[in-house]
Amino acid sequence: MYFPQQEYIDDSIDANNPDLLRIHSLETLGTHDGPGIRMVVFAQGCQFRCLYCQNPDTLDIHGGSFMPIEELVEKAIHQKSYFGKKGGVTVSGGEPLLQREKLIHFFDRLHENGINTCLDSNGRVLDSKTEQLLERTDLLLLDVKHINKEWHKKLTGLKNKTTLRVAEYRESTGKPMWLRYVLVPGWSDQEEYLHEWGQHFASYKTVERVEIIPFHQLGKHKWEILGLEYQLNDTLPPTAEEVNKAAEIFKLYFKKVKIK
């Protein structure tokens, strides 16, 4: 099975089903995708082809299953007592921006019920609908895979121009975001680019924290099940020393750096 990489933006994904969100799965009581305890909705479909993707089964825009937005809202309301002051709902992926118009309505409904919203995105697309969604997003988790456009393309199949534009737009709104960075030995651990990454965002006032996510091969078996080639067979997870070294570089530019 092979999911071809799409260069176009599929803005009409399931346009005939405006009240249904195409999802991969749901996680309750999540603690790794934003602040506090959260319900995490994993949207189906992604146009990046990250070599280290943990969930390649989320890539196919025609995969997953449909769930009514109102059903998701009801689930969130039932879990609201667990969210406390910091928690809420996070939409991750896949890439949620491929269903951004539907998420505008979803986030509006969550806010009507006093529920915090968080979007975990690779910044694939920036248009008026993305801007409308970001206005309704209490916290943006932006995955900036690499600062160098050519290395970014080697890692994901696409360049990072739009991702950086999304970061710039979010900064212009004054609304908060966290930046995420997957540390892959030999691919995204080059010191000069770590410094360049830090320097690029150092002046951003909306960046509340930076998260370093050490690479691992826990999703490798999914690639094999799907019949996809896993190109990082010989890449080992970074050592504690390598992770700490990257963290020390980022700490030169950011007040809060967390290792996931």
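The values are calculated or read from the model by the stated rules, or taken from the named source; none is laboratory data. From a predicted model like this one, the values you see are computed outputs, not experimental measurements. In this analysis, Cβ positions are derived from the backbone assuming ideal geometry, glycine residues included, and neighbour counts consider all displayed protein chains. Just so you know, the surface numbers come from the protein's heavy atoms only, side chains and all, with ligands and any DNA or RNA stripped out. Shrake-Rupley method; radii C 1.70, N 1.55, O 1.52, S 1.80 Å.
Summary of computed values
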item: Of the criteria (1) outside any helix (DSSP H, G or I); (2) open to solvent by less than 10 Å² (accessible area, probe 1.4 Å); (3) over 27 Å from E71 (Cα atoms), which one H152 fails; result: (1)
item: Within the stretch 13-125, strands (runs of 3 or more DSSP E) holding 3 or more residues that are under 26 Å from Y181 (Cα atoms), hydrophobic (A, V, I, L, M, F, W, C) and touching a Gly at 6+ places or on another chain (Cβ under 9 Å); result: 38-43
item: Residues of the stretch 47-61 classified as out of contact with any Phe, Trp or Tyr (no Cβ under 9 Å at 6 or more places or on another chain) and either closer than 16 Å to F106 by Cα or open to solvent by 10 Å² or more (accessible area, probe 1.4 Å) (or both), total; result: 3
item: Count - residues of the stretch 208-260 that are in contact with a helix residue (DSSP H, G or I) (Cβ under 8 Å, 6 or more places away or on another chain) and among the polar types (S, T, N, Q); result: 1
item: Cβ-Cβ under 6 Å pairs, at least 6 apart or on other chains, the stretch 19-30 side open to solvent by 20 Å² or more (accessible area, probe 1.4 Å) and at pLDDT 95 or above, far side of a type in the set (V, I, T) and not in a strand (DSSP E or B); result: H24/T58
item: Pair list, Cβ < 7 Å and 6+ apart or interchain, from the stretch 53-72 residues that are within 30 Å of N113 (Cα to Cα) to residues that are open to solvent by 50 Å² or more (accessible area, probe 1.4 Å) and among the polar types (S, T, N, Q); result: F66/N17
item: Helices (runs of 4 or more DSSP H) enclosed by the stretch 155-260 - at least 3 residues per element that are in contact (Cβ under 8 Å) with a residue 40 or more places away in the chain and over 25 Å from Q132 (Cα atoms); result: 191-201, 220-226, 240-250
item: Test set (1) open to solvent by 40 Å² or more (accessible area, probe 1.4 Å); (2) modelled with pLDDT under 95; (3) not aliphatic (A, V, I, L, M) - K205 fails condition number; result: (2)
item: Pick from the stretch 127-149, criterion among the hydrophobic types (A, V, I, L, M, F, W, C), within 18 Å of T206 (Cα to Cα) and not in a strand (DSSP E or B), ranking: nearest to the chain's Cα centre (by Cα); result: V144
